[in-house]
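Below: the structure, in structure tokens.
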């Protein structure tokens, strides 16, 4: 009983604190504030930030020059992000596929060998079929590096002609 009497003021005191977010002071976006060094509440976005509404089509077409360093970076990024489904050789035989996940197309199919580089960047950016978007995980420069590595992989084998090869890339 004595313990209950000691806890009662704490419990009752907490009930009267009405500190919800709606009761807190808010700053207007154009007010002055001590929170930031520049004294403004409204701050510009961080460098490199891309809005979801911003059209990035023009950015995706800025293809970097093909270099050995770009291919090496692409191999590293490919092995991290792509090989679990597409396999180390781009044959669509990755570990996820071996465990029953739907098989992606092989990068050695003629339609993908003939697809423009922008097609791969677009698929990495937006996803396709059961592949989700990697835009939040793979920076644009690394998407181009992955494409450079996919092109290097495609040179290791002759193109596989399938029925889909006559339809062209789907994106």
(request) Order by neighbour count: 30, 144, fewest other Cβ atoms within 10 Å first, most last. (result) 30, 144
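What FRET efficiency, computed as 1/(1 + (r/R0)^6) with R0 = 22 Å and r the Cβ-Cβ distance, is obtained for residue 130 and residue 49, rounded to the nearest 0.05?
Numbers: r = 29 Å, r/R0 = 1.31.
So, using R0 = 22 Å, E works out to roughly 0.15.
Quick note: the coordinates plus some simple rules give every number you see, no bench work behind them. Computed from a predicted model, the values in this text were never measured in an experiment. Cβ sites come from the backbone with ideal geometry, for glycine too, and all protein chains shown count toward neighbours.
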